[in-house]
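Written below as structure tokens is the structure these notes are about.
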């Protein structure tokens with residue numbers, strides 16, 4: 001009786017333990033969704049990884065909201081097999097199958113969707129997630145948005161990978177044209193010193209190496225805080241000392257602009273800042289935080305707020321028209 | 001002899017021949033020790049040189065006032081420290097040269113208290129005394145259980161077997177600690193001021209038990225104490241210490257000299273000799 | 001008088017292994033990818049026999065590529081942490097001792113962080129650095145914890161707490177210099193993450209586990225005695241200094257192992273040995289293996305919850321152990337103050 005039990009325990013243990021070494025062999029075993037006969041393309045992504053992308057990309061999974069936006073902007077949303085819980089722009093993205101949060105998605109959920117290509121970004125995804133997917137043999141392309149132009153180039157590359165080079169080129173050209181136009185108009189204007197507020201309490205702003213800092217430059221502005229850190233904390237005293245001309249906040253919805261500015265004046269400490277006192281509080285859409293086509297809208301919006309003499313009074317209709325232009329017809 | 005010991009009458013001194021025939025368990029030859037607070041300065045305290053022996057079935061009292069070096073001598077006997085000069089031998093082997101396990105097989109030191117951290121049953125505690133025998137990672141054999149049971153019986157704590165250690169009274173706990181020491185089957189049983197926290201009834205009961213252990217179970221018991229009358233009543237031999245010096249060794253009647261004791265204990269004393277030859281010490285005159 | 005026998009140890013450990021087995025099977029069943037128990041069993045069976053071609057590659061991937069490695073890692077980490085906790089509790093004669101209290105885990109985490117900063121692409125660097133961090137902290141705390149040439153429990157505990165605070169501050173300070181991406185990765189890892197398999201082969205890590213647990217087990221009789229008093233143990237023939245050294249090194253090794261592969265998972269080293277004690281008694285000859293298996297069960301369970309509670313998002317397993325561990329800890333504390 002005793003021996004039979006030992007035997008059973010041993011068998012179970014052996015079964016399980018012999019299964020573990022097979023895990024190594026599971027790497028690279030992921031089947032490609034389409035056996036199109038063409039060889040996969042080998043590219044280097046924006047963090048230096050070598051990625052082997054199948055010739056035909058029919059199923060895409062995005063791991064961040066900005067990437068979802070890009071896929072929709074390229075008109076490839078019918079190929080989007082899954083995105084994250086937080087992808088809500090455009091609203092249709094909420095109905096797609098979800099794989100979890102960008103920071104901690106479920107690897108199994110991703111596997112279950114059989115993606116040909118997974119898109120990730122350094123701005124929110126973890127290195128470990130990308131490594132784990134690569135170990136399973138899934139093609140993961142990681143973008144690394146640092147500058148606005150870099151974002152545009154990234155869009156073109158991703159479009160090319162997904163087999164939509166034409167549409168990508170058109171979108172890119174359009175975005176670039178808008179930026180150039182903006183640049184022309186603002187060329188001779190003095191740069192506006194701004195403080196871009198990521199978080200109010202504690203006060204967090206952006207560093208020099210972020211794409212947001214670059215976006216500010218395109219809008220004819222400059223962040224008063226120069227820091228190598230991406231999201232440095234600053235003290236009130238420092239801000240008061242540096243005397244920015246404008247405070248820039250992001251808002252999640254239109255109509256929040258007025259209330260944001262007013263509430264800021266009411267907060268202790270903020271009213272000491274000259275910009276707040278003078279009502280120089282610019283509120284831009286949350287697209288400013290996302291490296292996607294919508295960023296260009298946000299840049300234009302900010303430019304209009306900061307340089308009213310160049311653009312004239314801002315109107316709601318102008319901004320919505322700008323939004324529509326982001327999509328390719 | 002055992003009958004008279006049980007009913008509390010004075011224990012008759014054994015005949016000289018029976019005592020002298022018993023093997024010598026402990027042999028202390030000119031052992032000395034000294035320690036200082038810091039390494040370089042002159043010693044704060046010096047003990048010895050001390051010379052005495054203890055035979056099987058003897059109960060030896062190491063007697064002296066406070067700070068006379070009793071505890072230091074005990075440490076030497078237990079092998080906790082090595083003597084600076086001289087030898088201390090148990091069963092012919094020098095204590096300092098023994099490895100830890102062998103030493104534990106020969107010498108058992110009974111402490112006054114035991115701080116048990118997690119709940120432990122009495123029999124588990126006593127079984128610990130079998131540790132010096134067998135391998136380091138060991139599971140107790142039937143023989144171990146038998147010996148531990150015997151040890152409990154020898155101290156009259158058989159009924160406490162299944163109790164939890166932290167639920168025992170002070171006296172019960174002391175008996176269990178003694179039982180663990182007995183489970184080691186030592187040649188030498190060392191006790192450091194065991195009567196300190198006991199009332200007079202407890203003191204007598206303990207000494208009687210120790211006497212019985214020496215007589216019937218052939219242990220050699222060494223008790224460090226400052227209790228003059230208990231030492232006189234129950235011990236075969238007394239080692240008198242004073243300020244680190246071993247002044248006299250011998251039977252109580254030989255050691256208990258009035259002038260000597262008054263000098264050592266710094267109190268006015270009177271010595272009576274009772275029937276059976278054992279002295280009794282009382283305070284003299286008006287205080 | 002019923003002393004512990006090898007047979008009893010065997011039976012209790014077998015029973016616990018049975019519970020672990022059941023937990024593993026349940027955990028294999030749970031996950032976002034739909035796969036039935038029958039398919040799991042067939043995959044395991046065919047996998048054990050090497051008949052890979054018989055199984056759809058998706059099943060293979062999910063079972064052998066995702067779930068099983070994670071479960072195996074959980075077993076490793078749980079066993080390591082629980083055993084090290086039991087060891088530290090005997091060593092310090094303190095029921096609240098645990099690798100985190102002693103700062104050893106923080107040292108490992110700091111090592112891992114430094115390797116992430118300076119050599120992120122080198123495979124195995126994070127594990128090696130965490131080992132070094134744990135070992136170095138062990139050495140420093142051991143050195144600081146001596147009084148009069150002997151390891152003193154109270155001083156050791158104090159040295160451990162101070163080291164833990166210092167190392168945590170260092171970690172936070174260094175964290176501010178990381179890039180956003182690495183900060184995110186570090187923050188998640190710090191909370192306990194079983195989803196990234198180590199680059200070192202699991203077999204080697206299990207070997208280290210077995211050697212370390214085995215070393216502690218050889219001192220289990222000694223530890224039983226030390227728990228009733230160090231002086232008394234010495235008088236009974238226990239080489240207390242040597243035992244302490246062995247246990248301290250082995251327990252630190254186990255902590256370094258666990259932290260290096262899965263980040264900081266707290267409470268396991270504290271709670272599991274106590275629960276095992278409550279059920280099976282305080283004898284270390286049973287406590288050590290039972291805690292190891294118990295720890296494995298606890299972590300596999302916690303990780304299964306972490307994977308499924310807010311699916312498809314995955315929580316860090318350290319969050320689950322903290323959520324469950326804190327109330328259990330309070331309950332234990334109140335029980336002790338009888």
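The values are calculated or read from the model by the stated rules, or taken from the named source; none is laboratory data. Quick caveat, the model's predicted, so the values are computed rather than measured. Glycine gets a Cβ as well: all are built from the backbone with ideal geometry, and neighbour counts include every protein chain shown.
Before we move on, is residue C:205 touching a strand residue (DSSP E or B) at 6+ places or on another chain (Cβ under 9 Å) and away from chain B (no Cβ under 14 Å)? Steps first, please.
Details: touching a strand residue (DSSP E or B) at 6+ places or on another chain (Cβ under 9 Å): no; away from chain B (no Cβ under 14 Å): yes.
Criteria not met by residue C:205.
Read through the list (1) more than 8 Å from chain C (Cβ to nearest Cβ); (2) surrounded by 14 or more Cβ atoms within 10 Å (Cβ to Cβ); (3) within 21 Å of the chain's Cα centre (by Cα); (4) outside any strand (DSSP E or B), then give the number of the only condition that residue B:148 fails.
(1)
Is at least one residue of segment B:129-143 more than 22 Å from residue C:287 (Cα to Cα) and part of a helix (DSSP H, G or I)?
For segment B:129-143, residues more than 22 Å from residue C:287 (Cα to Cα) and part of a helix (DSSP H, G or I): present.
Can you tell me how many residues in segment B:237-251 are buried (at least 22 other Cβ atoms within 10 Å of the Cβ) and farther than 20 Å from residue B:69 by Cβ?
Looking only at that region, the number is 0.
If I ask for residues that are under 18 Å from residue B:218 (Cα atoms) and either crowded, with 17+ Cβ neighbours inside 10 Å or within 11 Å of another protein chain (Cβ to nearest Cβ) (or both), which ones from segment B:92-115 would you list? Talk me through it step by step, then tell me what you get.
Of the residues in segment B:92-115, the ones under 18 Å from residue B:218 (Cα atoms) are B:92, B:104-110.
Scanning segment B:92-115 gives B:104, B:105, B:106, B:107, B:108, B:109, B:110.
Quick one: which of C:185, C:192 is farther than 19 Å from residue C:95 by Cα and part of a helix (DSSP H, G or I)? Don't jump to the end; show me each part of the working.
Numbers: C:192 fails: part of a helix (DSSP H, G or I).
The unique qualifying residue is C:185.
Go through segment A:200-220 and give me each residue that's surrounded by fewer than 19 Cβ atoms within 10 Å (Cβ to Cβ) and over 19 Å from residue C:177 (Cα atoms).
If the condition is that a residue be surrounded by fewer than 19 Cβ atoms within 10 Å (Cβ to Cβ) and over 19 Å from residue C:177 (Cα atoms), then A:200, A:201, A:217 are the ones that fit.
Within segment B:169-184, can one find any residue that is over 18 Å from the mean Cα position of the chain (by Cα), more than 12 Å from every other protein chain (Cβ to nearest Cβ) and surrounded by 14 or more Cβ atoms within 10 Å (Cβ to Cβ)?
Of the residues in segment B:169-184, the ones over 18 Å from the mean Cα position of the chain (by Cα) are B:169-170, B:172.
Next, only the ones that are more than 12 Å from every other protein chain (Cβ to nearest Cβ) stay: B:169-170, B:172.
Checking which are surrounded by 14 or more Cβ atoms within 10 Å (Cβ to Cβ) leaves us with B:172.
Yes.
Which of the residues spanning segment A:92-118 are under 18 Å from residue A:289 (Cβ atoms) and either out of contact with any helix residue (DSSP H, G or I) (no Cβ under 8 Å at 6 or more places or on another chain) or more than 10 Å from chain C (Cβ to nearest Cβ) (or both)?
The first filter runs over segment A:92-118 and keeps only residues under 18 Å from residue A:289 (Cβ atoms), leaving A:93, A:101-103.
The answer is A:93, A:101.
Considering every residue within segment A:21-29, establish whether at least one is at positive phi, more than 9 Å from every other protein chain (Cβ to nearest Cβ), surrounded by fewer than 17 Cβ atoms within 10 Å (Cβ to Cβ) and at pLDDT below 55. Can you show your working first?
Keep residues of segment A:21-29 that are at positive phi, which gives A:28.
This time we only want the ones that are more than 9 Å from every other protein chain (Cβ to nearest Cβ), so: A:28.
Add one more test, that the residue is surrounded by fewer than 17 Cβ atoms within 10 Å (Cβ to Cβ), and what stays is A:28.
Filter once more, keeping what is at pLDDT below 55: A:28.
Yes, the conditions are met somewhere in segment A:21-29.
So, restricting to helices (runs of 4 or more DSSP H) that lie completely within segment B:156-254, which ones have at least 3 residues that are free of Cβ contacts under 8 Å to residues at least 40 places away in the same chain and over 23 Å from residue B:103 (Cα atoms)?
B:170-183, B:200-217
Name the residues in segment C:196-222 that are in a loop (DSSP other than H, G, I, E, B) and at pLDDT 90 or above, would you?
Here is the first cut: in segment C:196-222, the residues in a loop (DSSP other than H, G, I, E, B) are C:196-201, C:219.
Of everything in segment C:196-222, just one residue is in a loop (DSSP other than H, G, I, E, B) and at pLDDT 90 or above, namely C:219.
When you look at residue C:75, is it more than 11 Å from chain A (Cβ to nearest Cβ), modelled with pLDDT of 80 or more and either closer than 26 Å to residue C:204 by Cβ or in a helix (DSSP H, G or I) (or both), yes or no? It would help to see each step written out before you state the result.
Numbers: more than 11 Å from chain A (Cβ to nearest Cβ): no; modelled with pLDDT of 80 or more: yes; either closer than 26 Å to residue C:204 by Cβ or in a helix (DSSP H, G or I) (or both): yes.
No; evaluated as a whole, the condition is false for this residue.
Of these, C:22, C:63, which one is without any contact (Cβ under 8 Å) to a residue 40 or more places away in the chain and surrounded by 23 or more Cβ atoms within 10 Å (Cβ to Cβ)? Don't jump to the end; show me each part of the working.
Details: C:22 fails: surrounded by 23 or more Cβ atoms within 10 Å (Cβ to Cβ).
Result: C:63 is the single residue among C:22, C:63 that is without any contact (Cβ under 8 Å) to a residue 40 or more places away in the chain and surrounded by 23 or more Cβ atoms within 10 Å (Cβ to Cβ).
Can you pull out every residue in segment C:141-172 that is surrounded by 16 or more Cβ atoms within 10 Å (Cβ to Cβ), without any contact (Cβ under 8 Å) to a residue 24 or more places away in the chain and farther than 21 Å from residue C:96 by Cβ?
Scanning segment C:141-172 gives no hits.
Condition first: at the interface with chain A (Cβ under 10 Å from one of its Cβ atoms), in contact with a helix residue (DSSP H, G or I) (Cβ under 6 Å, 6 or more places away or on another chain) and assigned to a helix (DSSP H, G or I). Now tell me which residues in segment C:21-45 satisfy that.
Listed by number, the residues that qualify are C:21, C:24, C:28, C:43, C:44.
For segment A:113-131, does any single residue satisfy the condition of being over 25 Å from residue C:179 (Cβ atoms) and free of Cβ contacts under 8 Å to residues at least 40 places away in the same chain?
No, the conditions are met nowhere in segment A:113-131.
Among the numbered criteria (1) out of contact with any helix residue (DSSP H, G or I) (no Cβ under 6 Å at 6 or more places or on another chain); (2) in a loop (DSSP other than H, G, I, E, B); (3) in the same structural domain as residue A:269 (by TED's automatic domain parsing), which one does residue A:230 miss?
Failing condition for residue A:230: (1).
Out of everything in segment B:19-54 that is at pLDDT below 75 and under 21 Å from the mean Cα position of the chain (by Cα), what residue ends up being surrounded by the most Cβ atoms within 10 Å (Cβ to Cβ)?
Checked segment B:19-54; the qualifying residue surrounded by the most Cβ atoms within 10 Å (Cβ to Cβ) is B:19.
Return the only residue of C:245, C:225, C:257 being under 23 Å from residue C:105 (Cα atoms), touching a helix residue (DSSP H, G or I) at 6+ places or on another chain (Cβ under 7 Å) and not in a loop (DSSP other than H, G, I, E, B).
On the way: C:245 fails: touching a helix residue (DSSP H, G or I) at 6+ places or on another chain (Cβ under 7 Å); C:225 fails: under 23 Å from residue C:105 (Cα atoms).
Answer to the check: C:257.
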